[in-house]
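The values are calculated or read from the model by the stated rules, or taken from the named source; none is laboratory data. For clarity, every value in this text was computed on a predicted model and none was experimentally measured. FYI the Cβ positions are ideal-geometry reconstructions off the backbone, even for glycines, and counts take in every protein chain you see.
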Amino acid sequence: MLFRRRKRFDDLTEEIRLHIEERAEQLMREGMRPTEAREAAHRAFGNPALLEESSREVWQWPALESVVADVRLALRQMRRSPGFALTALFTLALGIAANVIVFGVLQALVLRPVELPQADRVMTLGRTDQPYPFFSYPVVRDIRDDSKVFSAVAPYLISNFGVEANGVTRAVWGCEMGGQYFEVAGIKPFLGRLLQRADDDHPGASQAAVLAWPAWKSDFGADPNIVGKTIRINKHPYTIVGVTPEGFYGTEKFIQPSLFVPIANEESLEGTNFLESRNDPEVYSVVRLKEDVTVAQAQAELNTIAARIHRQHPEDAEKESFQLVRPGLMGDFLGSPARAFLAGVMGLAGIVLLAACANLGSLFAARTADRAREIAIRMAIGSSRSRIVRQVLVEALVIAILAGACACFLAWIAITGLANWRPPTEYPMSFHILPQPSLILMTLAISILAGVVFGAMPLRQIFKTDPNEAMKSGNAPALMLGRRRRWALRDLLLAAQIALCCVTVTAAIVSLRGLSKALSMDMGFNPKHAVLTRFELNEAGYAGESAEQFQRRVLEKVSQLPGVVAAAYASSTPLSLNAPTLDVFSQQANNLKSPNRAFAAYEYGVSPGYFAAAETTLLAGRDVSFHDTGKSPLVAVVNREFARRLFHSDAAVGRYFKNESGQPVQVVGLVADGKYLTLTEDPEPAAFVPILQNPTTGTSLIVRQRQDSSIAATSELAGAVRKAIRDLDSAVPVRESTGWSSQLGLAFFASQVATVALGLFGAFGLLLSVTGTFGLASYTVGKRLRELSIRVALGAQAEQIIAAALGRMLIVLASGAVVGMLLGVATSRVLSAIVYHASAQDPLVLGAVVLTMVLTGSLSVAGPVRRALRIDPAVLLREQ
Amino acid sequence: MKETAPRDLFPGALEMMILESLRRQPAHGYALVQHIQQRSRNLLQVEEGSLYPALQRLLKGKLVKADWGVSSNNRRVRTYQITASGLRHLEQQISSFERMFEGIALVLTPSKSSAT
């Protein structure tokens, strides 16, 4: 089609050339000289280019091609003012990208179901009485056996195993699952078979395991003959019977187990047994609804079953109640906060985009004001208003769509990065948020919307333009000498924006400062120059006495390593996710039910030397010792908060409290307070009990080096500790053995994320206020150029010019900034929940905020000020 | 440009004259200008600026077709030829033009208008 048109236009050009030639020849025959004849022929013909143009117009798809012309013009305009174009592109691209990224995450985590066949039929059980969706195993078994609405019901739990394959033992996260788990999932095996009901019929029914595709791929080298091979899981031989398909990642969105084993073998695997206990909520559960059953019917039946269970087992303390929730986010435990958080962020991103649009709108309006004369001329020579409006809109859309393309690119990078990112925990967590093609459409839609929004802003100006007026007075349709301009909406908008920006900047700087403080805070222990090694002896077949002996042997061996000044082990360490608590009762208490307790204290089983190894200050009394055994009286070392709460004084040594089973425990030592669960918590009570009185197979080994040892020495020591354990028993899977500081990643994670997020928002807020201020300032100067030139001509000084041109602006800026800082100080109180010691009353913080705002302000008005100062009245007044 | 006829007499007039000229015999652009000028005894002078866009409109409407050829005086020319639908269109136009002309004449004739 286009090709044919090209030919047609070439024909026309040729035809016109021949026509002129013929006319010239005719004239020559009539006696003219050749050059004159040619000139006369050309003159008679008029403007061939114009003629060609109007002849071509006949053939054009009228609307479309003039839009193409508009787009070309828009691109030319952008090339002519690259500063404006880049600012606009950048602001808008970031605004759109923020929305697309947030939407992408929202879509992946909340909107899209877990990737399973007929995913709408799959639900998980949540609890109405508590957010965490744990149930006791017999309850889930009752539902499985009694209900008629589910085609499959499966309890499952995520656990760590020591897996020995090809002579190497690794710590692997696996899933212990009921026999109907894969029926709920509804997937087909990639290799071999999946676990079935028979595998889970009774303890020891089968020693079969299924590998997850990623583990098969990475840990087993994608061995195609894997089926039938034997591995050892916690020392027990298991046969790999199959591999799950590639896209399957379990029924939770955050946690990806590498291995599936029957839950019936729970006791032999874990060394504990909760399969018959109705008071031990340990398992999650997933269900698949039958084809014709509605969620409401299923819920009704669940309620009936719950009532029956309560009737049959009235002695149970916990009345478990069920609620069907969409799978993937641990019931509502993660689901509702994730939804709330993402909705909040989405709203924020929307506001950011709107602010970006408002800014671009004012920039656009400023440009339109500069182009008032051009527009007036176009109107005067007969261009219709709609044509001009269309051109302005096309310009806006071109910018918006280019920005959308950049945003798409940015979002793609960000989302892919997020999908490959692992949170700093030892749990097998990751985000399945691969960018979806539908996001491109989403981006396009947002871009067009944004373009229309900000492109529509200068339209009022265009509709108001009266060609006569504009031609007469040029760029300054209304002279405002002496007359005070009314406060316009855009002044308020700008002030609000500056205030908002000030809030984000304050928040960002506050959290940055908080983070830097947190990095040097007193946590009650010193993670520097220490190696923390964690292993689970149960995974290597140890229990009770043998575990204890092994721990002692490891301790002796690592104590002899060069450079080690102290070493100890504990059941767990502060600021790890594992924080068991102990109900503490006063010595007088008789009724030992949870509600009557004095308080719950964090409980750590520790070996002698723990306080030296952790560098926790022992304030009074003694350390625990290896003579505090199961046969000797119970003792504990408590922290000051514990003593303060129970005895209302620091004089705790020698006094007693009662534990959950009513046994008296003597306090033998007092240590300093610390942080146990989060960095921002208030002082919490903690008790350190002798590990021999509280034996455990889960082991956290702390090995402390000399103060002057380097980070390299620490990682060297970590290797040595690992080797020492391997030398003692190569079957013990070491989960982690690194510097203690690096394992506190998760504790610092929230404040780090907050700092990064707030930093980004702060930077973006700054960018927005720069463009906003710049837009309004250049609009003001541009609009009043004529007035300002008259002032200059009449001898106004530089300060007077600036005051006249931008005085109003500066008031707006200053008041916005003051309001923003007050708000910022107020909001930083909220921050203190996430970021340690977040306070805006810090002079350093306030100074930084003020400095940032002043810099930003001057940066953004610098251009317009220069323009105002450079006014040469002669040039301007002559021009107009 | 010298004394020029009004750019277009009324919408469609130029097209009608072109079609009528082409009905008599196919011609190229230059010849059309000459032809219309002669036939109107120099009363009408067709501007190239109107002729070529008009020809393009006719081409687009498939009322004429154009072919490259050689003229009688051995020049390379693009000759326009009326098509069947061009003929039909011309007849319609002429009859409606005649009716319109009659109407205008009736209105403009002074004796009749004052008699009533």
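The table for this structure:
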| item | result |
| --- | --- |
| Identity of the residue in the range A:6-39, in a loop (DSSP other than H, G, I, E, B) and at negative phi, that ends up nearest to the other protein chains (Cβ to nearest Cβ) | A:GLU30 |
| Residues (within 14 Å of chain A (Cβ to nearest Cβ), over 14 Å from the mean Cα position of the chain (by Cα) and not polar (S, T, N, Q)) located in the range B:70-96 | B:VAL70, B:ARG75, B:ARG76, B:VAL77, B:ARG78 |
| Search result, residues across the range B:42-69 that are at pLDDT 85 or above, more than 11 Å from chain A (Cβ to nearest Cβ) and either farther than 20 Å from A:LEU18 by Cβ or out of contact with any strand residue (DSSP E or B) (no Cβ under 6 Å at 6 or more places or on another chain) (or both) | B:LYS62, B:LEU63 |
| Residue match in the range A:545-566 (condition: within 16 Å of A:ILE725 (Cβ to Cβ), buried (at least 18 other Cβ atoms within 10 Å of the Cβ) and small (Gly, Ala, Ser)) | yes |
| Residue list for the range A:40-52, filter: part of a loop (DSSP other than H, G, I, E, B) and either at pLDDT 85 or above or away from every other protein chain (no Cβ under 11 Å) (or both) | none |
| Yes/no for A:LEU191 being outside the structural domain of A:TYR542 (by TED's automatic domain parsing), within 31 Å of the chain's Cα centre (by Cα) and hydrophobic (A, V, I, L, M, F, W, C) | no |
| Of residues in the range A:112-163 being acidic (Asp, Glu) and within 23 Å of A:ARG339 (Cβ to Cβ), the one modelled with the highest pLDDT | A:ASP120 |
| All positions within the range A:638-657 that are in contact (Cβ under 8 Å) with a residue 60 or more places away in the chain and crowded, with 21+ Cβ neighbours inside 10 Å | A:ASN639, A:LEU646, A:PHE657 |
| Scope the range B:57-100; condition closer than 25 Å to A:ARG56 by Cβ and of a type in the set (D, E, K, R); matching residues | B:ARG57, B:LYS60, B:LYS62, B:LYS65, B:ASP67, B:ARG75, B:ARG76, B:ARG78 |
| Tally, over the range A:83-142, of residues that are of a type outside the set (Val, Ile, Thr) and part of a helix (DSSP H, G or I) | 28 |
| Filtered residues of the range A:269-318 (kept if part of a helix (DSSP H, G or I) and either β-branched (Val, Ile, Thr) or at positive phi (or both)) | A:VAL295, A:THR304, A:ILE305, A:ILE309 |
| Residue count for the range A:643-699, restricted to those that are under 29 Å from A:PHE161 (Cβ atoms) and assigned to a loop (DSSP other than H, G, I, E, B) | 7 |
| Selected residue [among the aliphatic types (A, V, I, L, M), buried (at least 21 other Cβ atoms within 10 Å of the Cβ) and over 30 Å from A:GLY167 (Cβ atoms)] from A:VAL241, A:VAL283, A:VAL295, A:VAL325 | A:VAL283 |
| Members of the range A:723-757 found to be under 30 Å from A:ARG553 (Cα atoms) and assigned to a helix (DSSP H, G or I), listed by number | A:LYS723, A:ALA724, A:ILE725, A:ARG726, A:ASP727, A:LEU728, A:TRP740, A:SER741, A:SER742, A:GLN743, A:GLY745 |
| Residue check, A:ARG193 under 16 Å from A:VAL163 (Cα atoms) and surrounded by fewer than 19 Cβ atoms within 10 Å (Cβ to Cβ) | no |
| Residue in the range A:451-473 that is modelled with pLDDT under 60 and either in contact with an Asp or Glu (Cβ under 6 Å, 6 or more places away or on another chain) or part of a loop (DSSP other than H, G, I, E, B) (or both) present | no |
| Every residue from the range A:274-297 that is charged (D, E, K, R) and touching a residue at least 12 places away in the same chain (Cβ under 8 Å) | A:GLU276, A:ARG278, A:ASP280, A:GLU282, A:ARG288, A:LYS290, A:GLU291 |
| Residue that is modelled with the lowest pLDDT, among those in the range A:823-854 that are loosely packed, with under 12 Cβ neighbours inside 10 Å and among the hydrophobic types (A, V, I, L, M, F, W, C) | A:ALA833 |
| Residue check for A:SER55: within 14 Å of another protein chain (Cβ to nearest Cβ) and surrounded by 13 or more Cβ atoms within 10 Å (Cβ to Cβ) | yes |
| Residue count for the range A:527-551, restricted to those that are in contact (Cβ under 8 Å) with a residue 24 or more places away in the chain and assigned to a helix (DSSP H, G or I) | 9 |
| Filter result (over 15 Å from A:VAL734 (Cβ atoms) and assigned to a strand (DSSP E or B)) within the range A:552-571 | A:VAL564, A:VAL565, A:ALA566, A:ALA567, A:ALA568, A:ALA570 |
| Residues of the range A:786-800 satisfying the condition of being buried (at least 22 other Cβ atoms within 10 Å of the Cβ) and closer than 22 Å to A:LEU494 by Cβ | A:LEU788 |
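Every residue, every condition in (1) surrounded by 21 or more Cβ atoms within 10 Å (Cβ to Cβ); (2) under 30 Å from A:GLN312 (Cβ atoms), yes or no:
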{"residue": "A:ASP120", "(1), (2)": "no, no"}
{"residue": "A:LEU125", "(1), (2)": "yes, yes"}
{"residue": "A:LEU157", "(1), (2)": "no, yes"}
{"residue": "A:GLY162", "(1), (2)": "yes, no"}
{"residue": "A:GLY167", "(1), (2)": "no, no"}
{"residue": "A:ALA171", "(1), (2)": "no, no"}
{"residue": "A:CYS175", "(1), (2)": "yes, yes"}
